[in-house]
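A short worksheet on the structure shown next.
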Amino acid sequence: MSLSRRSFVVLSSVLPWALKARASRSIPIGLELYSVREALKQDPQGTVRAVAQMGYECIEFYAPYFEWSETETKQMRKLLDDLGIHCFSTHNDEQYFSAENFHRARDLNLILGSQYVVMASADPIQAGGWKAIADKLNSAADQLESSGLKTGYHNHQPEFRPVNGVRPIEILAKNTKRSIMLQLDVGTCLQAGSDPVAWIRANPGRIRSLHLKEWSPDPAKGYKVLFGEGVADWKNIFAAAESVGGVEYYLLEQEGSRFPELETARRCLQSFRATHV
């Protein structure tokens, strides 16, 4: 079949956008399981199965996974494999990075098939300052490298609130290895008064996953709004994450809403699918 010059020009202009759209859809969408924490407490495997059946492609376990036995962890990994979903990262308390806990965290993450062991925010006062936290992350990265794992850091509000004119997140970014993921929590970044798009563009290749947490400045709503109901500029956030940030996977996160946990997770996924096209 031959193409006219006009048809060729039209196809040539459309093809890059089609390829870009296909590439963006290939980025897995997951759920941070803190979003369904009460259900997870009651029935971990049943909850993970329900999340997978909604259409989520990956999940992120948070701190309570650390209490699982090796057998429980292996059973969860088998379930993930059977369902065809992945655990790309886990959220870990700062204390899990201590000498007495770190090897256990590593071993559990290896069983789960994780790629990143993420420190879920930290207390700079107890840790000895933000630079000390950066040093701890670098040390963890060195220790994990031989196991094929990487380290990450997840922000909350304090990291984006200036201290003596400098945002702590900038100290962490400047003083950590580039192999360390800076996992961006969009909602807390917004609540702290910072611009997530500007932060992504300032740190190319390091924003390898994002928590797609929504936020509303209405005090009665805050983080309780569903994805797409707050003020986050998702179109430009996605564009920055995919063109500059180096995003490998997205994670929806909810602290609660007007709906039950699992219904909230389902509705947020539907809204994400409609937004991220």
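Read-outs: derived from the displayed coordinates by stated rules, not from any lab. Quick caveat: nothing in here was measured; it's all calculated off a predicted structure. Please note: Cβ atoms are built from the backbone with ideal geometry, for glycine as well, and neighbour counts cover all protein chains shown.
Structure notes:
- Bridges between two residues of the chain, per DSSP, are antiparallel at a rate of about 5%.
- Across region 198-203, computed HN-Hα scalar couplings (Karplus, 6.51 cos²θ - 1.76 cosθ + 1.60, θ = phi - 60°) run 4, 5, 4, 5, 7, 10 Hz from first to last residue, x flagging Gly and Pro.
- Nonlocal amide H pairs with TYR249, under 5 Å, H built at 1.01 Å: LEU210
- Modelled FRET efficiency - R0 35 Å, ASP107 with THR275, Cβ distances, 0.05 increments: 0.40
- Extension gain (nm, one decimal) between GLN143 and GLU229, 0.36 nm per residue minus Cα-Cα: 26.8 nm
- Theoretical gain in end-to-end length, PHE259 to SER243 [0.36 nm per residue, Cα-Cα removed]: 2.4 nm
- Sorting GLU263, GLU32, GLU72, GLU67 from the fewest to the most surrounding beta carbons within 10 angstrom yields GLU67, GLU263, GLU72, GLU32.
- Entries of LYS136/LYS224; LYS41/LYS224; LYS78/LYS150; LYS41/LYS213; LYS41/LYS74 with Cα pairs more than 25 Å apart: LYS136/LYS224
- Ranked list, fewest to most other Cβ atoms within 10 Å of each Cβ, for CYS87, CYS268: CYS87, CYS268
- Centre separation in Å (Cα based) which lies between region 207-226 and region 187-205: 13
- Net length available on complete extension from GLU70 to GLN45 is 7.5 nm, with 0.36 nm assigned per residue and the Cα-Cα distance removed.
- Here, the chain yields an orientationally averaged convex hull projection of 17.8 nm² when only Cα atoms define the hull.
- Scalar couplings 3J(HN,Hα) for region 49-61, obtained by applying the Karplus form with A = 6.51, B = -1.76, C = 1.60 to θ = phi - 60°, are 5, 5, 5, 5, 5, 5, x, 5, 9, 8, 9, 10, 6 Hz; x denotes Gly and Pro.
- Evaluating 6.51 cos²θ - 1.76 cosθ + 1.60 at θ = phi - 60° for every residue in region 114-124, the Karplus couplings come out as 5, 10, 10, 9, 9, 7, 8, 6, 7, 9, x Hz, glycine and proline recorded as x.
- Principal axis analysis of the Cα atoms in region 29-155 yields extents of 43, 28, 26 Å, listed in decreasing size.
- Amide H to amide H distances under 5 Å link LYS150 with TYR116, VAL117, where only residues 5 or more positions off or on other chains count and H is placed in the peptide plane.
- Under 5 Å, built H, 5+ apart or other chain: amide partners of HIS86: CYS58, ILE59
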